[in-house]
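Take a look at the structure set out below.
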Ligand code: TMP
């Protein structure tokens, strides 16, 4: 995996990626509804759309790209609001349909957008969460969004934020599915090409630091101060310069060396280490740092489709959560660090029995 940075578009991105069909299919392993805090987050997201200052009609049409198991759209379905989900991974799309969320299983494109307009009309809101950063042909997608959106329509999408990755050295946000790490500057550039503009930005706690971007056709709404403020902050942070990304690389290398040294020291003292959460992010950590079963015995995960499998490349067994309960390690490596609050609250027994946590973001340490 290789990362590039474009000084014109200010985009940090992978330079090569597996074909989409290899990643998003009928055995897609991530179900959004596995975390209670994410459930709450999407309920709040839905309420903020329903009560939005951009809501122009009592009967809106809401389209979501990559609706997964319907974690967001189900709140519109419940309210009887006209909606449509587009989800390429058939297994999760099926779960969404089962929740009463109208979902088609396909990859979004300009073509699909035109079909939706023909069948159902233009959209009032176009939503996406942790999806836009997965799509390599983003310019075609932006064209599709533009043609699908009403003149007064609004786009709201959120993804892990480059500013947080740079500030926290959270380099595990870089993995095969995440082709882009966005900033306000790169989103503004991308949609500017389609005569659209960024009108608001709202920082989110999810995924260890995300940003919600609000966009419309150019001139449809005033641009909020939040946008100019964030862009000024991004320039101060250096997100418009390659040198910042080179510093990030040095920080990543230091973080890797500290992590491997810590794991090796603990193992040499005879301590047992297991992983908590077989996240996509963990694949980057394990392969980049060269961590295998010599250092991490197993990884526990609550997602049934991941259990009984092995981590890609490093071949660490992924086991059900019950194994963590019945056979706890001395140290749990918190690969799902973005869910730390929820997990720590759940694992009081592990901690009171002397169990410790290893975290690597924002710095490598034992908790
Ligand atoms: P994410 O960081 O991409 O949201 O993935 C979180 C993974 O961690 C997902 O596979 C579910 C798993 N998980 C657990 O095993 N236990 C938990 O308590 C939580 C919150 C997540």
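Bear in mind these aren't lab numbers, they're just calculated from the coordinates by the rules spelled out. This structure is a prediction, so every number in the text was calculated from the model and none was measured. Cβ coordinates were reconstructed from backbone atoms using ideal geometry, including for glycine residues, and neighbour counts include every protein chain displayed.
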Checklist entry - For helix 242-268, what angle does its Cα long axis make with the longest principal axis of the chain, in degrees from 0 to 90 and rounded to 10? => result 30 degrees
Next on the checklist: At a 10 angstrom cut-off on C-beta neighbours, averaged per residue, how do the peptides 326-336, 155-165 rank from highest to lowest?
Outcome noted: 155-165, 326-336
Item to check | At R0 = 25 Å, FRET efficiency that the Cβ-Cβ distance of residue 82 and residue 140 yields, to 0.05 | outcome: 0.50
Checklist entry - So for the pair residue 346, residue 253, with labels modelled 7 Å out along Cα→Cβ, what separation do we get in nm? => result 3.8 nm
Checklist entry - Can you pull the percent of Cα pairs in the chain with separation above 29 Å? => result 42 percent
Checklist entry - Going by average Cβ neighbours within 10 Å, how do the peptides 302-312, 186-196 rank, with the highest at the top? => result 186-196, 302-312
Next on the checklist: 7 Å from Cα along Cα→Cβ at both residue 104 and residue 27: what's the point-to-point distance in nm?
Outcome noted: 2.8 nm
Next on the checklist: Limiting things to C-alpha atoms, what are the Rg and the maximum Cα-Cα separation (Dmax) for the stretch 37-103, in angstroms?
Outcome noted: 11.5, 35
Item to check | Average Cα contact separation per residue, the stretch 61-203, under 8 Å, 6 or more apart, as relative contact order % | outcome: 20 percent
Next on the checklist: Over all directions, the average projected area of the alpha-carbon convex hull for the stretch 104-251 comes to how many nm²?
Outcome noted: 9.0 nm²
Checklist outcome for this item: Percent relative contact order for the chain, counting Cα pairs under 8 Å at least six residues apart, stands at 14 percent
Checklist entry - Quick one: if you stick a label point 7 Å off each Cα along the C-beta vector at residue 224 and residue 365, how many nm between them? => result 3.2 nm
Item to check | 0 to 90° range, to nearest 10: angle between helix 280-289 axis and the chain longest Cα axis | outcome: 50 degrees
Item to check | Cubic angstrom per residue, convex hull over Cα atoms of the stretch 30-189 | outcome: 122 Å³
Next on the checklist: Can you tell me what share of the DSSP beta bridges in the chain is antiparallel? A percent to the nearest 5 is fine.
Outcome noted: 45 percent
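Starting from 0.36 nm per residue, how many nanometres of slack lie between residue 356 and residue 3 once their C-alpha separation is accounted for?
Working: separation 353, 0.36 × 353 = 127.08 nm, distance 3.32 nm.
Contour length minus the Cα-Cα distance gives 123.8 nm.
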Item to check | For the chain, calculated [θ]222 nm from helices alone, where every DSSP H run of n ≥ 4 adds -39500 (n - 2.57) | outcome: -11000 deg cm²/dmol
Checklist entry - Nearest 10 degrees, 0 to 90: what angle lies between the long axis of helix 110-120 and the longest principal axis of the chain (Cα atoms)? => result 60 degrees
Item to check | Net lengthening on full extension, residue 118/residue 52 (0.36 nm per residue, minus Cα-Cα) | outcome: 21.1 nm
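Determine the relative contact order of the stretch 141-225: mean sequence separation of Cα pairs under 8 Å and six or more apart, normalised by residue count, in whole percent.
38 percent
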Checklist entry - Going by a ≥ b ≥ c, the root eigenvalues of the Cα gyration tensor, does the stretch 164-244 fall in the rounded group (a/c under 1.5), the prolate group (a/b larger than b/c) or the oblate group? => result prolate
